[in-house]
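Worksheet: the structure to be examined is printed underneath.
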Amino acid sequence: MSFFKVEHLTMKFGGLMAVSDFSLTTKEGDLIGLIGPNGAGKTTVFNMITGRLLPTEGKIYFRGEDITGTPSHIINARGIARTFQNIRLFNDLTVLENVVIGYHGRLHSSFLEAIFRLPRYKSEEKKMRSMARELLAEVQLDNVADEKAGTLAYGQQRKLEIARALATNPRLLLLDEPVAGMNPRETGDMMDFINSIHEAYGLAIILIEHDMRFVMGLCEHLVVLDHGVTIATGTPSEIQNHPQVIEAYLGEPEGA
Amino acid sequence: MSDWRGRDRTYRLCAYGSILCLFAFLFLVENYADEYQIRILNVSAIFVTMAVSYNLINGVAGQFSLGPNAFMAVGAYTTALLTISPAEKELCFIIEPIIWPLSVLHLPFLPSLLIGGTFAALLGFIMAFPVFRVRGDYLAIVTLGFGEVVRVVANNTQSITNGPLGLKGLPEYTNLWWSWGVAVFTVFCVTRLVKSSFGRAMQAIREDEVAAAAMGINVFRHKMLAFVVHAFFAGMAGGLMAHLVTTISPTLFSFFLTFNLLVIIVIGGLGSMTGSIIAAIIITYAGEWLRAVEEPMAIGPFNIPGIPGMRMVVFAIMLILVMIFARQGLMGRREFSWEWFCGFLRTGERRG
């Protein structure tokens, strides 16, 4: 039984082949980079894994179970969490509330217990809040816990999105362009941050990124997509010298 | 920590105290005010109940429903059919006799009211399946459609609802204690729900449905929860309304009712229960004061004949102005809290 396995995943939007025959096997605790030019189908792969899109063909297995076509919230409960390319926080809620929502899926109390604040609900709510505060302290966002999420600085919003995903207690974390729009120093900070959560939680992480230095420095294994097709897989050094990858990013060499 | 606990207790005492004050006020009104004042206060309470529950689905969960009139109709008819005495029913149904179990059923007010709310909630549960397949504008249209369906059904099921003739001779059960009792209970339940983990999940859905689902929230179930709770309290409000006016017919539950509620929750602030309560009371009283604009009047040399429905024009203009100049409404998404109130008093003291 493999930890996470994607087999022959294909997604067609009408006549457009967004992803074709994508396969990937991940062990527990892997850190994998998914790279490729714009429109290569990377986010589509994430959307299929997290149940936002039903793949045209192919299967997704997670911890021995077929999760293809399962609704998003159930996939999350099984242990896959994600962040989004264009940050999707609950802007009008506080930073703390954003994280507490991550625990809601595992609440045992019913809504009636919540309305009448019965003991079980009270203790669960208290526990969720203290866990959220701990998590925020870990990611150094505890000083802004009561601010509205929408008012945070860009880098902090990215971090909060990851913290919120961590609150759902995932075994596999999908990060969609975690350093998009960051300057080199912020990128370095984010790299350290991802490394630290990778180690602290023993998570498997798959990340999409354009920043080559970031990906090469962080990931142990890379997959390159171009126009929906997997054109190369391997270690960062193998990928760097792969002729097809160079072609995809830079175009064909002159005279070839 | 102990200081925080102590303050929490103070706030709770404040809340109980203010409820006691409210009922003391109602006691005075019931004994010393005239019938007209009592009636307006009753209507205010019913609108508070409806607006607060309506705000749960529209403001908190962000699902723009236009069908609260359907739930009120179901609640009103169910409650009425249970409280009218069998003899009265026989007098009432002149075209077609009422069908069997309803013709003999006769219950006191409280169980009837609860059954009315339950039936409305049941309708909400069934409606949720088709309604939440769509979002945004489409959802508004589908719920609007259901509102009409209920009205048309009430118009045509002669042997249950007595059709367009409506039900007459309802016992006049609704008094200040019933109407404000239900209003306080509704406000209690809805605000507690909103402030709980379930309310947070509903707000998350309002903010970003995709992200909410990716964070493990069962989006459909929480929309359904908001909708069913809304339906239950709207059904109770319908029952109270029926036993206040003592005569109900399908025209009472037309889209105008929904429109009134929409004005209330938008002016109060979508998502703010405090706003809904304040706006419900203001709009009820404004409706009474604005009767003046429907009377014939002379402005300078012009004589304007009385135009019935002029009040609705004024409300519509109010809604337009709010949407253009103060989209947040009275309260935005803010809520009244004792913490804020005590803080406010304290700064006042310091200034004084």
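A single member of A:148, A:127 is surrounded by 14 or more Cβ atoms within 10 Å (Cβ to Cβ) and either free of Cβ contacts under 8 Å to residues at least 60 places away in the same chain or away from chain B (no Cβ under 14 Å) (or both), and it is A:148. For residue A:72, indicate whether it is within 15 Å of residue B:217 (Cα to Cα), among the small types (Gly, Ala, Ser), free of Cβ contacts under 8 Å to residues at least 12 places away in the same chain and facing chain B (nearest Cβ under 10 Å). Against the criterion (within 15 Å of residue B:217 (Cα to Cα), among the small types (Gly, Ala, Ser), free of Cβ contacts under 8 Å to residues at least 12 places away in the same chain and facing chain B (nearest Cβ under 10 Å)), residue A:72 does not qualify. Figure legend. Inter-residue proximity from segment A:158-184: first residues on the phi > 0 side of the Ramachandran plot, second residues part of a loop (DSSP other than H, G, I, E, B), beta-carbon distance below 7 Å, spacing 6+ or different chains. Indicated pairs: A:177/A:85; A:177/A:209; A:177/A:210.
Rundown of residues vs (1) in contact with a His (Cβ under 8 Å, 6 or more places away or on another chain); (2) not in a loop (DSSP other than H, G, I, E, B), yes/no style:
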| position | (1), (2) |
| --- | --- |
| B:53 | yes, yes |
| B:57 | yes, yes |
| B:65 | yes, no |
| B:97 | no, no |
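Among the residues of segment A:104-116, what is the count of those that are more than 7 Å from chain B (Cβ to nearest Cβ), part of a loop (DSSP other than H, G, I, E, B) and more than 21 Å from the chain's Cα centre (by Cα)? Going through segment A:104-116 one residue at a time, the tally reaches 4.
For segment A:199-208, the count of residues that are surrounded by 17 or more Cβ atoms within 10 Å (Cβ to Cβ) and either free of Cβ contacts under 8 Å to residues at least 40 places away in the same chain or out of contact with any Leu (no Cβ under 9 Å at 6 or more places or on another chain) (or both) is zero.
Comparison of A:195, A:143 shows that the only residue that is surrounded by fewer than 21 Cβ atoms within 10 Å (Cβ to Cβ), more than 13 Å from chain B (Cβ to nearest Cβ), under 18 Å from the mean Cα position of the chain (by Cα) and assigned to a helix (DSSP H, G or I) is A:195.
Within segment B:258-266, one or more residues are within 27 Å of residue B:35 (Cβ to Cβ), surrounded by fewer than 24 Cβ atoms within 10 Å (Cβ to Cβ), away from chain A (no Cβ under 12 Å) and not aliphatic (A, V, I, L, M).
Considered as a group, the residues in segment B:331-340 that are aromatic (Phe, Trp, Tyr) and surrounded by 13 or more Cβ atoms within 10 Å (Cβ to Cβ) include one that is nearest to the other protein chains (Cβ to nearest Cβ), and that residue is B:338.
Among the residues of this structure, residue B:244 counts as one that is within 25 Å of residue B:175 (Cβ to Cβ), modelled with pLDDT of 95 or more and surrounded by fewer than 24 Cβ atoms within 10 Å (Cβ to Cβ). Residue under question is residue B:42, and the condition is that it be surrounded by 14 or more Cβ atoms within 10 Å (Cβ to Cβ) and either part of a helix (DSSP H, G or I) or of a type in the set (Val, Ile, Thr) (or both); does it hold? For residue B:42, the condition - surrounded by 14 or more Cβ atoms within 10 Å (Cβ to Cβ) and either part of a helix (DSSP H, G or I) or of a type in the set (Val, Ile, Thr) (or both) - is met. Evaluated against (1) within 14 Å of chain B (Cβ to nearest Cβ); (2) crowded, with 20+ Cβ neighbours inside 10 Å, residue A:169 falls short on exactly one condition, (2).
Residues are listed down the side, and each one gets a yes or a no for (1) under 17 Å from residue A:162 (Cα atoms); (2) out of contact with any Asp or Glu (no Cβ under 9 Å at 6 or more places or on another chain):
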| site | (1), (2) |
| --- | --- |
| A:51 | no, yes |
| A:68 | no, yes |
| A:79 | yes, yes |
| A:91 | yes, no |
| A:96 | yes, no |
| A:99 | yes, yes |
| A:103 | yes, no |
| A:110 | no, yes |
| A:114 | no, no |
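Among strands (runs of 3 or more DSSP E) entirely within segment A:1-44, having at least 2 residues that are among the small types (Gly, Ala, Ser) singles out A:16-26. Give the residue, chosen from B:182, B:142, that is buried (at least 16 other Cβ atoms within 10 Å of the Cβ) and in contact with a Pro (Cβ under 8 Å, 6 or more places away or on another chain). Going through B:182, B:142 in turn, just one is buried (at least 16 other Cβ atoms within 10 Å of the Cβ) and in contact with a Pro (Cβ under 8 Å, 6 or more places away or on another chain): B:142. Within segment A:227-250, the set of residues being in contact (Cβ under 8 Å) with a residue 24 or more places away in the chain, out of contact with any helix residue (DSSP H, G or I) (no Cβ under 9 Å at 6 or more places or on another chain) and outside any helix (DSSP H, G or I) comprises A:229, A:230. The set of residues in segment B:80-101 that are surrounded by 16 or more Cβ atoms within 10 Å (Cβ to Cβ) and over 31 Å from the mean Cα position of the chain (by Cα) is empty. Within segment B:139-158, residues that are over 12 Å from residue B:252 (Cα atoms) reach partners that are surrounded by fewer than 19 Cβ atoms within 10 Å (Cβ to Cβ) and of a type in the set (Asp, Glu) with beta carbons closer than 8 Å, at six or more positions or on different chains, in the pairs B:158/B:96. For residue A:221, the test of being surrounded by fewer than 20 Cβ atoms within 10 Å (Cβ to Cβ) and under 30 Å from residue A:139 (Cα atoms) is passed.
Confirm whether residue A:101 is touching a Lys or Arg at 6+ places or on another chain (Cβ under 7 Å), of a type in the set (A, V, I, L, M) and within 14 Å of chain B (Cβ to nearest Cβ). When the stated conditions are applied, residue A:101 passes them.
Summed over segment B:120-163, the residues that are within 15 Å of residue B:81 (Cα to Cα) and assigned to a loop (DSSP other than H, G, I, E, B) give a count of 2.
Report yes if residue A:120 is in contact (Cβ under 8 Å) with a residue 12 or more places away in the chain and either in contact with a Phe, Trp or Tyr (Cβ under 9 Å, 6 or more places away or on another chain) or within 8 Å of another protein chain (Cβ to nearest Cβ) (or both), otherwise no. Here the answer is no, as residue A:120 does not meet what is asked.
Being facing chain B (nearest Cβ under 7 Å), assigned to a helix (DSSP H, G or I) and within 17 Å of residue A:149 (Cβ to Cβ) is the filter here, so list the residues in segment A:77-98 that pass it. Hit for segment A:77-98 is A:97, nothing else.
Of the residues making up segment A:13-37, those that are without any contact (Cβ under 8 Å) to a residue 12 or more places away in the chain and small (Gly, Ala, Ser) are A:14, A:15.
The values are calculated or read from the model by the stated rules, or taken from the named source; none is laboratory data. Since we're looking at a predicted model, the values are computed, not measured. Virtual Cβ from ideal backbone geometry, glycine too; neighbours counted across all protein chains shown.
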